[in-house]
Amino acid sequence: MDWRDKLNNLKSEFPEGEATVSAEIIPAKKRQTEPLRVELDKRNGNPTTLITEFLGTNDELKELAKNLKIKCGTGGSSRDGEILIQGDFRVKITEILLSMGFKVKKINFK
């Protein structure tokens, strides 16, 4: 019996069309009780926009960072609950996050 037979046996045990996971998946913006902090920071003399205090999984953080980088048309990184976007995009990122349903706390805004 190889792995294909075992997989087919498992598929036959579960009825098709029904969810096999009983736990409800809650999106990150519903779990996010504290506002995200959006602030300007200098890294090696260049302006960067920092989004911190994200509560969620690492995959959700990377997905949010990817969306922000695409909408701003720039590079960046995400790790340990914070997103770093290259350039000064405080206002644009704040508008994007508010439209996505997140609460935002503005730091270092003029």
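The values are calculated or read from the model by the stated rules, or taken from the named source; none is laboratory data. These numbers come from a predicted model, not from an experiment. Glycine also receives a Cβ, built like all others from the backbone with ideal geometry; neighbour counts cover every protein chain displayed.
Do we find that Thr57 is surrounded by fewer than 16 Cβ atoms within 10 Å (Cβ to Cβ), on the phi < 0 side of the Ramachandran plot and either in contact with a Gly (Cβ under 9 Å, 6 or more places away or on another chain) or of a type in the set (D, E, K, R) (or both) in this structure?
Criteria not met by Thr57.
For segment 63-110, please list each of the strands (runs of 3 or more DSSP E) lying entirely inside it that holds at least 2 residues being over 13 Å from the mean Cα position of the chain (by Cα), surrounded by fewer than 16 Cβ atoms within 10 Å (Cβ to Cβ) and at pLDDT below 95.
104-106
Every residue in segment 90-103 that is in contact with a Ser or Thr (Cβ under 8 Å, 6 or more places away or on another chain) and closer than 18 Å to Glu63 by Cα, please.
Across segment 90-103, the qualifying residue is only Ile93.
I'd like the residue in segment 29-57 that is at pLDDT below 90 and either among the aliphatic types (A, V, I, L, M) or assigned to a helix (DSSP H, G or I) (or both) and, out of all such residues, is nearest to Leu84 (Cα to Cα).
Leu55
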